[in-house]
1. How far, in nm to one decimal, is B:Ser36 from itself in the other copies if the label point is set 7 angstrom along Cα toward Cβ? Shortest first, please.
2. Gap in Å between the Cα centre of segment A:155-192 and the Cα centre of segment A:2-72?
3. Hey, what angle do you get for helix A:7-34 against the long axis of chain A, alpha-carbon based, 0 to 90 degrees rounded to 10?
4. Could you compute the FRET efficiency for A:Glu201 and B:Arg14, with r as their C-beta to C-beta distance and R0 at 45 Å, rounded to 0.05?
5. Using only DSSP helix segments of four residues or longer, with each worth -39500 (n - 2.57), what per-residue ellipticity at 222 nm results for the protein assembly as shown after dividing by its residue count and rounding to 500?
6. Label points 7 Å out from Cα along the Cβ direction at B:Ala184 and A:Ala150: separation in nm?
7. What does the copy distance list look like for B:Ala17, label position 7 Å along Cα→Cβ, in nm and ordered from shortest?
8. Taking the 0 to 90 degree range and rounding to the nearest ten, how far is the long axis of helix A:155-175 tilted relative to the main principal axis of chain A, both from C-alpha atoms?
Number of protein chains: 2
Amino acid sequence: MSDTRRGPYAKSARRQAEIVASATSVFSARGYRGGSLREIAKQLDLSLTSVVHHFPSKSALLVAVLESADSAHADSFQADSQDKGVAYAVLQYVRRNVERPEMLRLLALMAAESSAPDHPAHEWFRTRYEQTIRMLALALRRDQQEGRVANPRDPHGIAESLVALWDGLQLQWLIDPGRRDLVAAMTSALQDLLGPQSLPE
Amino acid sequence: MSDTRRGPYAKSARRQAEIVASATSVFSARGYRGGSLREIAKQLDLSLTSVVHHFPSKSALLVAVLESADSAHADSFQADSQDKGVAYAVLQYVRRNVERPEMLRLLALMAAESSAPDHPAHEWFRTRYEQTIRMLALALRRDQQEGRVANPRDPHGIAESLVALWDGLQLQWLIDPGRRDLVAAMTSALQDLLGPQSLPE
């Protein structure tokens, strides 16, 4: 959404982005179930009707929030991993993520909340994990063939472990950011999992 | 709390256990911030006053819920790890955990929610992670000395990775229990992290 556009479409896009930003902060603080459209509207000095005009339901707004939280930097991951391997690409991603702890908190909270099958984001997260693991497994297979990854196990299993380490170390860092260096912890964990050749010098 | 005791103390203990069980299900479904003492009381057909008599605040009740979720099986972990090593003890724990997905969902949800510094369980989780990692690091050092763990890295760092794998694989399993075998995933992850000698034949 470019701010340089004019007219009603640009205004509507800007308004939608504002609502998504406000919903991100409300859902981060209270969870999806604890947050309300009313509170999101109030933060922006908007009427509830005006929020509902852009997002007809709370669950539609949640999906917009998740898409916006998740999409950032996905493209550069693909380029980095083809160029310098999975471990390098993951670390670049982690380096960018430490700049946005609130977004990570929201994703961690929504992932846990959505594990209940009746949660409106359940399918979104199920699919997201499935796709992420499949994408990583393909990249890891290539790294194995190129001699970058020493672990000879089925790349799908390695990808599950990699995503788990990522989620888990991120959670430890969110809980105690002062004590932990997330990038250093992730670097060591990647070298344990993928072998010493997995990171460029 | 034994059900064979009689008299007012036993009755009060039973009532407290009922309130903790009801709070566990309410917080699992709605998060801490989305759940209310009123709803917990209603589930048990109790008055709000009667709940407040046992737990003066929602945060006091949350701590009781977390203690009860967490304490189960902690003792056998210590015995298992001294006897057969950390990897075996972790797997035994995971085998018992797959029997209680709701409790795991609650812990995952509360951990993510509590990462916000103003959350009433923030300090509880910060301390819990710190103590768990310290306890695992001690046991891993012993396993290294006894030749069970091949990974030569600082055991504190290995312990952080171990907890991360555990949290992360559990989350993937909660999100998609039909597709994933948590015990098998954890077994492979432990062998990658600790080496092939880490599990008894």
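Nothing in this text is a laboratory measurement; each read-out follows from the coordinates by a stated rule. It should be emphasised that the depicted structure is a prediction, and the values quoted were computed from it without experimental measurement. FYI the Cβ positions are ideal-geometry reconstructions off the backbone, even for glycines, and counts take in every protein chain you see.
1. Inter-copy label distances (nm, one decimal, shortest first): 0.9.
2. 30 Å
3. 70 degrees
4. Values: r = 64 Å, r/R0 = 1.42.
Efficiency at R0 = 45 Å is approximately 0.10.
5. Working: 20 runs with 300 residues, N = 402.
Taking each H run of at least 4 residues, the total per residue is -24500 deg cm²/dmol.
6. 2.8 nm
7. Inter-copy label distances (nm, one decimal, shortest first): 5.7.
8. Roughly 60 degrees, rounded to the nearest 10.
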